[in-house]
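Notes follow the structure.
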Amino acid sequence: MTKQTPMMQQYLQMKEEYKDCILFFRLGDFYEMFHDDAILAARELEITLTRRDKKNNIPMCGVPHHSAKGYIERLIEKGYKVAIAEQMEDPKMTKGMVKREVVQIITPGTVMDDMICETDANYIVSIYHDLNDYSIAYSDVSTGELKVTTCNLEYVLNELSNIKPREIILNQPVSDLIHQSMKYITEVISIHESSDVYHQASQLSGQQYHAVNLLLSYVQQVQKRDLSHIDEAIQYETKQYMQLDMYAKRNLELTESIRLKNKKGTLLSIFKECKTPMGHRKLKEWIERPLINETQINARLQIVNTLNEAFMMRHALREALESVYDIERLVGRVQFGNVNGKDLIQLKYSLQQLPILKSLLEPYENIIPNLQNIEKLQPLTDLLESSLNETQSMSIREGNLFKDGFNATLDEYRDASRNGKHWLAALQTKERERTGVKSLKISYNKVFGYYIEVSKVNLASIDVTKFGYERKQTLSNAERFITDELKEKESIILGAEEKALELEYQLFLKLRDEVSKYIPNLKHQAKQIAELDCLQNFSEVATNHQYVMPKISKSRTLHLKDARHPVVETVMDKDQYVENDCLLDDMNFIYLITGPNMSGKSTYMRQVALISIMMQMGSFVPCSEAELPIFDQIFTRIGAADDLVSGQSTFMVEMLEAKNALTNATENSLIIFDEIGRGTSTYDGLSLAQAMIEYVHNEINAKTLFSTHYHELVDLENQLMGLSNVHVAAKEHDGQLIFLHKVLPGAVEHSYGIHVANLAALPSGIIDRAKVLLKQFENHHQETMNQIDSETNHVNKNINYTDNNKQQQVIQPAFDLFNEPSIIEQTLKEIDVDGLTAREALNVLYNLKAKLK
Ligand SMILES: Nc1ncnc2c1ncn2[C@@H]1O[C@H](COP(=O)(O)OP(=O)(O)OP(=O)(O)O)[C@@H](O)[C@H]1O
Ligand SMILES: [Mg+2]
């Protein structure tokens with residue numbers, strides 16, 4: 001290879017230090033990327049890849065520095081990190097290589113500006129682990145929030161799925177399996193060596209302290225500045241909230257839909273009445289972390305109730321909230337030091353709403369906690385009102401930030417420059433008259449300052465030296481001149497403008513410092529407004545959808561009358577949704593739900609889970625009456641959420657979800673098992689399902705909804721005291737299946753799968769053939785069942801679940817029954833299905849049928 005140029009050497013040296021970043025290397029007006037970075041960026045940003053240095057043939061691409069932000073944004077969005085290297089010296093003044101330095105690293109978890117979504121928190125997480133325990137710290141650097149907790153490995157992934165970080169920092173590698181699962185949550189995972197940067201950790205455990213340090217030292221390294229914008233760490237316990245494992249959250253579609261991974265069709269999408277971004281972020285937190293404390297739940301419910309009744313007040317409240325901006329992030333920017341004039345104007349608008357909010361809430365003081373100490377913010381509101389111009393540019397270096405009259409010196413400078421401008425206009429008129437050139441003009445540019453411009457055409461008719469014109473610049477169609485008079489005025493005008501700009505900048509920094517003094521109070525108000533916004537959202541939604549106030553049951557009874565699925569009902573015409581009841585208590589705590597495909601089993605089970613979560617969020621619920629216990633945890637096994645990414649098969653996910661529920665549920669939990677066992681062969685599935693129900697019944701006593709198409713299971717009602725059959729009704733009419741969606745006592749015998757397949761317009765040949773086969777299978781199945789000794793199939797209540805061997809012995813008989821296969825089974829076993837042509841398959845079926853006769 002030929003020798004590298006000095007600039008390339010400088011680049012490569014720098015790149016060595018920032019290997020995991022895309023290095024934006026400033027060259028004049030461009031940020032350039034080289035080598036692999038260039039290839040990657042060209043692909044991701046769809047920009048042209050070129051070559052630098054013909055000899056070495058180095059791949060290169062670049063973006064103009066003034067439009068770099070958009071490009072960086074796109075790379076961050078895609079999960080890359082970007083390091084920005086700036087020129088630290090003016091190239092014009094420098095001999096040899098210009099000094100360059102990385103001034104900032106932008107990563108998905110540490111971005112500050114408007115690059116981040118306003119309604120979502122932008123979290124970065126650190127996980128510090130030693131032998132057994134894991135401490136997790138997370139922060140949204142745009143608001144300064146910082147929290148820390150400790151948990152065991154099992155909860156790490158749960159907690160991560162709660163936090164949904166954009167970036168994860170580890171102190172050491174984790175196992176491949178965990179790493180894979182983490183990648184499912186975020187792509188951006190790095191290992192970092194922490195240093196001691198956090199000094200306020202009085203109440204933190206040693207390990208939590210390490211986690212916070214790990215996080216903050218990373219943030220500090222990336223942002224290259226001190227950490228005064230980050231709040232003191234708040235310690236929390238995961239057990240403070242209802243435990244919803246990763247699966248439950250996904251399956252119940254609380255904030256993200258399973259299929260499209262967006263908000264549509266989620267519980268979150270119902271609560272769309274928040275007026276502020278702060279409220280929206282808080283709402284997400286409330287949905288994902290439902291409360292378990294009765295007093296706290298009741299407090300929220302009471303406020304919602306009050307807001308429901310006070311219609312006028314709520315209306316006015318919503319109107320006022322409309323003008324409240326994202327105080328949390330505005331304050332975050334004040335703390336961080338990148339606040340601009342527009343931000344402070346938004347802060348002013350927000351502050352102006354505070355007295356209005358307070359006076360609205362005052363009459364309800366004993367129910368709705370009041371905004372406190374807002375009076376202390378009045379001087380700040382006054383200051384912002386008297387100081388800042390409403391219209392201004394984003395940059396705090398371009399002036400025009402402050403109102404006339406705010407600062408006397410500034411006014412003086414402005415007068416000078418404004419007068420100067422009048423004077424220039426007068427000069428232009430005078431020069432036009434003097435020279436007789438009507439198109440003569442006086443203009444300004446940054447390089448040459450003020451000048452008189454005369455077009456080439458007119459130039460011939462005047463004698464420039466006679467007028468004292470001194471040539472400054474020659475263009476293709478004009479000449480530019482300066483005169484002594486103009487020079488003199490220029491220095492006055494530019495001097496005044498420059499001084500004004502500098503003064504405005506200084507005044508702005510002072511103003512920013514002044515605002516900083518109010519930060520704790522502002523944060524406090526922001527938090528209260530966020531909560532208030534959530535609660536008025538609950539109230540608005542409750543009113544719009546006729547929700548009722550749920551009651552917390554003292555006796556662990558779950559009694560819902562005329563319950564609806566909060567999301568499904570909204571996509572239907574009014575009164576289309578069929579309401580259903582649910583009654584589970586300590587005596588009768590398992591529903592075994594049967595019913596045709598498409599009848600509404602899954603919908604029914606989800607609605608019970610969602611209603612429980614809604615109450616524990618503090619929201620009213622879609623019922624005509626509702627009494628619920630406080631659930632400590634909700635477990636689900638719903639649908640086929642294949643987890644291909646983390647390398648698990650459909651059935652494996654199903655079993656993992658079941659295991660999670662069966663090992664962690666308590667009598668205070670809610671379990672939703674939707675058709676468990678369907679991912680494997682019928683008899684395996686049936687056996688597993690029955691064994692699980694028995695276990696829940698005998699060992700856990702958790703409230704459980706269990707849907708199934710294994711009609712063999714309905715006999716369990718006679719053997720398990722706490723279990724009862726219910727079914728979702730449908731009726732057959734003229735060969736058509738009519739779905740009633742009504743949940744009624746008792747069981748049904750048929751699944752009507754073929755009817756539903758017909759509805760889906762499967763080719764009629766297949767439907768007809770399936771009907772014939774169904775008859776055969778049913779006949780055969782009946783025969784087999786008749787062979788089964790009913791005694792052995794009965795539930796054995798004396799199973800010792802703690803002893804694996806014994807467990808196998810007890811369950812064994814169920815499998816033994818099938819050890820002597822019939823001729824048909826034998827034949828079926830021997831068929832190599834994959835090796836058959838369609839015709840051969842048909843023949844086999846005909847033969848089998850013949851054997852039956
Ligand atoms: N209570 C109801 N009122 C009106 N429509 C309903 C009701 N419950 C369910 N539905 C409608 O029926 C459809 C099917 O419901 P669901 O998926 O719950 O059926 P399922 O019994 O679980 O079927 P499968 O056995 O195939 O899983 C829903 O998408 C919804 O449109
Ligand atoms: Mg279903």
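The values are calculated or read from the model by the stated rules, or taken from the named source; none is laboratory data. Source: prediction; values computed, not measured. Note that each Cβ is placed from the backbone with ideal geometry, even for glycine, and that neighbours are counted across all protein chains shown. These accessible areas exclude ligands, DNA and RNA; they are computed on the full protein's heavy atoms, side chains included. Shrake-Rupley method; radii C 1.70, N 1.55, O 1.52, S 1.80 Å.
Across the range 551-751, Cα pairs under 8 Å and at least six residues apart give a relative contact order of 29 percent. Could you give the distance between the Cα centres of the range 671-688 and the range 249-289, to the whole Å? That distance is 30 Å.
Computed over protein heavy atoms with a 1.4 angstrom probe, the accessible surface ordering of I327, I356, largest first, is I356, I327.
How large, in percent, is the carbon and sulfur part of the accessible surface of the range 124-240 at a probe radius of 1.4 Å?
Working: 2300 of 4890 Å².
With neighbouring chains kept in place, the figure for the range 124-240 is 47 percent.
For the range 400-488, carbon and sulfur atoms together expose 49% of the accessible surface, with a 1.4 angstrom probe and every protein chain in place.
Here the 3J(HN,Hα) profile of the range 28-37, calculated from phi with Karplus coefficients 6.51, -1.76 and 1.60 at θ = phi - 60°, is x, 8, 10, 9, 9, 10, 10, 6, 4, 4 Hz, Gly and Pro shown as x. Subtracting the Cα-Cα distance of D832 and T682 from their residue separation scaled by 0.36 nm leaves 52.1 nm.
Whole-percent P(r), the range 1-126, all Cα pairs, 5 Å bins from 0: 2, 10, 20, 23, 20, 13, 7, 3, 2, 1, 0. Taking label positions 7 Å along the Cα-Cβ direction at both N305 and N56, the computed distance is 7.5 nm, reported to one decimal. Derived scalar couplings between HN and Hα for the range 356-370 equal 5, 4, 4, 5, 5, 7, 3, x, 10, 3, 6, 10, 9, x, 7 Hz in order, rounded to whole Hz, by the Karplus curve 6.51 cos²θ - 1.76 cosθ + 1.60 (θ = phi - 60°), x for Gly and Pro. Dividing the radius of gyration of the alpha carbons in the range 551-751 by their Kirkwood radius gives 0.95 for Rg/Rh.
Listed values for the range 141-158 are Karplus-derived 3J(HN,Hα) couplings in whole Hz (6.51 cos²θ - 1.76 cosθ + 1.60, θ = phi - 60°), namely 5, 6, 10, x, 4, 8, 10, 8, 8, 10, 8, 8, 4, 4, 8, 4, 5, 4, and x replaces Gly and Pro. When the surface is traced with a 1.4 Å probe over the full set of protein chains, S491 keeps roughly 80 Å² accessible. Placing a label point 7 Å from the Cα of N389 along the Cα-to-Cβ direction, the residues of the range 497-511 with a backbone N closer than 14 Å are 497-498, 500-505, 508.
Taking amide H as placed 1.01 Å from N in the peptide plane, the amide H of N389 sits under 5 Å from that of F402, K403, each at least 5 places away or on another chain.
What you get for the range 6-106, charging only the Cβ of Lys and Arg (+1) and of Asp and Glu (-1), is a dipole of about 320 debye around the Cα centre.
Summing +1 for each Lys or Arg and -1 for each Asp or Glu among the other residues whose beta-carbon sits under 12 angstrom from that of A691 gives -3. Centre-to-centre, using Cα atoms only, the range 323-347 and the range 434-502 are separated by 43 Å. Note on the range 91-175: Rg/Rh from Cα positions, Kirkwood definition for Rh, rounded to two decimals, is 1.19. Accessible surface comparison of H66, H781, H565, probe 1.4 Å, protein chains only, largest first: the order is H66, H781, H565. Full extension of the chain between E319 and K510 gives 65.5 nm of extra length, using 0.36 nm per residue less the Cα-Cα distance.
Normalised per residue, the accessible area of the range 408-453 is 60 Å², obtained with a 1.4 Å probe and no contribution from ligands, DNA or RNA.
With R₀ set to 25 Å, the beta-carbon distance separating E749 from T650 gives a calculated FRET efficiency near 0.35. Taking the protein heavy atoms of the range 6-106 in the context of the full set of protein chains, the accessible area attributed to carbon and sulfur is 50 percent at 1.4 Å.
Amide H to amide H, with H built 1.01 Å from N, K441 comes under 5 Å of E453, counting only residues 5 or more places away or on other chains.
For the chain, the mean residue ellipticity at 222 nm estimated from helices alone is -14000 deg cm²/dmol, where every DSSP H run of n ≥ 4 contributes -39500 (n - 2.57) and the total is divided by all residues, rounded to the nearest 500.
Where both bridge residues fall in the range 124-240, DSSP classifies roughly 60% of the beta bridges as antiparallel. The antiparallel fraction among DSSP beta bridges confined to the chain stands at about 65%. For the chain, the relative contact order works out to 9 percent when only alpha carbon pairs closer than 8 Å and six or more residues apart are counted. Model label sites at N779 and E498, defined 7 Å from Cα along the beta-carbon direction, differ in position by 10.4 nm. Loop sites here are GluC sites (Glu not before Pro) outside DSSP states H, G, I, E and B with no more than 15 other Cβ atoms within 10 Å. The longest part of the chain free of them is 399-666.
If eta is 0.692 mPa s and T is 37 °C, what Stokes-Einstein diffusion coefficient results for the range 54-196, Kirkwood Rh from Cα pairs, in µm²/s?
For the chosen part, D equals 187 µm²/s.
Ranked by the mean number of other Cβ atoms within 10 Å per residue, highest first, peptides 160-166, 418-424 order as 160-166, 418-424.
Can you give me the accessible area per residue for the range 6-106, using a 1.4 Å probe, in Å²?
Details: 5600 Å² over 101 residues.
That works out to 55 Å² for each residue.
If one takes the longest principal axis of the Cα atoms in the chain, at what angle in degrees, from 0 to 90 and to the nearest 10, does the Cα axis of helix 764-787 lie? The helix 764-787 is inclined about 50 degrees to the chain.
DSSP loop (so not H, G, I, E, B), at most 16 other Cβ within 10 Å: list which chymotrypsin sites (Phe, Trp or Tyr not before Pro) in the range 439-506 pass both filters.
Sites meeting the loop and neighbour criteria: F448, F467.
Amide H contacts under 5 Å for S553: L628, I630, restricted to partners 5 or more places along the chain or on a different chain, H placed in the peptide plane at 1.01 Å from N. Over the chain, the hull volume per residue, using the convex hull of the C-alpha atoms, is 272 Å³. On the basis of the beta-carbon distance and an R0 of 25 Å, K487 and K69 show a calculated FRET efficiency of 0.05.
The charge dipole of the range 124-240, taken about its Cα centre with unit charges on the Cβ atoms of Lys, Arg (+1), Asp and Glu (-1) only, comes to about 220 debye.
Put a plus charge on the Cβ of each Lys and Arg, a minus charge on the Cβ of each Asp and Glu, and nothing anywhere else: the dipole of the range 56-174 about its Cα centre is then about 620 debye. Between S476 and Y184, the contour length at 0.36 nm per residue exceeds the Cα-Cα span by 99.0 nm.
Electrostatic bookkeeping for Y247 treats Lys and Arg as +1 and Asp and Glu as -1; over the other residues with beta carbon under 9 Å from its beta carbon, the sum is +1. Counting only the Cα atoms, the range 394-497 fills a convex hull of 118 Å³ per residue. With the simple model of a label 7 Å out from the Cα in the direction of the Cβ, Q87 to I258 spans 5.7 nm.
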